[in-house]
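So the structure is just underneath, and the comments pick up after that.
The values are calculated or read from the model by the stated rules, or taken from the named source; none is laboratory data. For clarity, every value in this text was computed on a predicted model and none was experimentally measured. Please note: Cβ atoms are built from the backbone with ideal geometry, for glycine as well, and neighbour counts cover all protein chains shown.
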Amino acid sequence: MAGGASGTRAAERRIDMRHDLPSRAAGPRRARMRLPSAVADWTDRLRRSFLALALTAGLLVACGDRPGAPVAPATATGGVSSPAVVASPTHRPSEDADPTPDDLAPTGIIEEARVVRVVDGDTIVVQTAVHTRHTVRLAGIDAPEYTQPHGRKSRSNLAALVARKDVTIEYYKRDRWQRLVGKVLVDGKDVNLKQLIDGYAWHFRRFRQEQDIAERQLYKSAERHARTQRLGLWADARPVPPWKWRLAKSGAAR
């Protein structure tokens, strides 16, 4: 009977061990389940970080605080003024666009200035009543350089028109040499135009947008007439324009 009892207990233990097997095997399985949970947690944190960065970037763009964006200047009261409109190269006015009367209004007028020197066919030096001297570049025309063919004749023609005379200068800008650029008038007559009529200058079409339509056509017609009549430098079959002469001289100097 004792042997039977011990055999019974051994069988019960084997049964208990068989019952325990699933629970023991479940231990490692539960440990393996923790790995996907950690990955999911890390992924969730990463997603939230990206969302936070995207939100911050959106706020910066909305506020106009982008890297490289122009900063509106501060006003005297400490606020920020409206940003200035910057012209885009694709929206620049065309060179051939007709200027408005305000665009062509003289910046200044010098009256009763005495011409003290004629530099060449389109440049003079004047002296005002208060002994201030100005170098004046005749606008709208381009005469031969003094050292090129017809340069001396062009200078002589201009000298005959203005030398030692009182003139009025209607100027609208200074060029890169700080010369006044404008119209020279003697007794109300346009000296710039007279140089074209006499055939001693070209209409300077590079700056034609600085003339109103009527004056532009007048200067163009004056050059055409002198060319047709072979006046002045147009007696030459193929006179060299001064801008080409200057370009050739600058290239040779290099």
**Message:** Could you go through the stretch 236-244 and let me know if any residue there is exposed (fewer than 15 other Cβ atoms within 10 Å of the Cβ), in the same structural domain as Leu138 (by TED's automatic domain parsing) and at pLDDT 95 or above.
**Reply:** no
**Test: residue in the stretch 191-200 that is among the basic types (Lys, Arg), at pLDDT 95 or above, in a loop (DSSP other than H, G, I, E, B) and in the same structural domain as Asp142 (by TED's automatic domain parsing)** = no
**Request:** Starting from the stretch 215-231, keep only residues that are more than 22 Å from Gly182 (Cα to Cα), then list their pairs with residues that are of a type outside the set (Gly, Ala, Ser) and part of a helix (DSSP H, G or I) whose Cβ atoms are within a distance under 6 Å, requiring at least 6 positions of separation or different chains.
**Result:** Ala226/Trp234; Arg227/Trp234
**Asked** Ala235 is checked against (1) within 16 Å of Ser154 (Cβ to Cβ); (2) in contact with a His (Cβ under 7 Å, 6 or more places away or on another chain) and fails just one. What number does that condition carry?
**Response** (2)
**Complete:** Inside the stretch 99-138, the number of residues satisfying the requirement of being of a type in the set (Gly, Ala, Ser), modelled with pLDDT of 95 or more and under 27 Å from Gln209 (Cα atoms) is 1
**Message:** Just to be sure before I move on: is Asp122 out of contact with any Leu (no Cβ under 6 Å at 6 or more places or on another chain) and either under 29 Å from Ala248 (Cβ atoms) or surrounded by fewer than 21 Cβ atoms within 10 Å (Cβ to Cβ) (or both) in the structure I sent?
**Reply:** no
**Asked** Out of all the residues in the stretch 202-244, which are out of contact with any Asp or Glu (no Cβ under 6 Å at 6 or more places or on another chain), under 13 Å from Ala139 (Cβ atoms) and part of a loop (DSSP other than H, G, I, E, B)?
**Response** Gln211, Asp212
**Prompt:** Could you say whether any residue in the stretch 172-186 is over 37 Å from the mean Cα position of the chain (by Cα) and surrounded by fewer than 21 Cβ atoms within 10 Å (Cβ to Cβ)?
**Reply:** yes
**Asked** Between a first residue in the stretch 232-254 that is on the phi > 0 side of the Ramachandran plot and of a type in the set (A, V, I, L, M, F, W, C) and a second residue that is assigned to a loop (DSSP other than H, G, I, E, B) and modelled with pLDDT under 90, which pairs have beta carbons less than 8 Å apart while being 6 or more apart in sequence or on different chains?
**Response** none
**Asked** Which residues, counting only those in the stretch 216-232, are in contact with a strand residue (DSSP E or B) (Cβ under 9 Å, 6 or more places away or on another chain) and of a type in the set (A, V, I, L, M, F, W, C)?
**Response** Leu218, Ala222
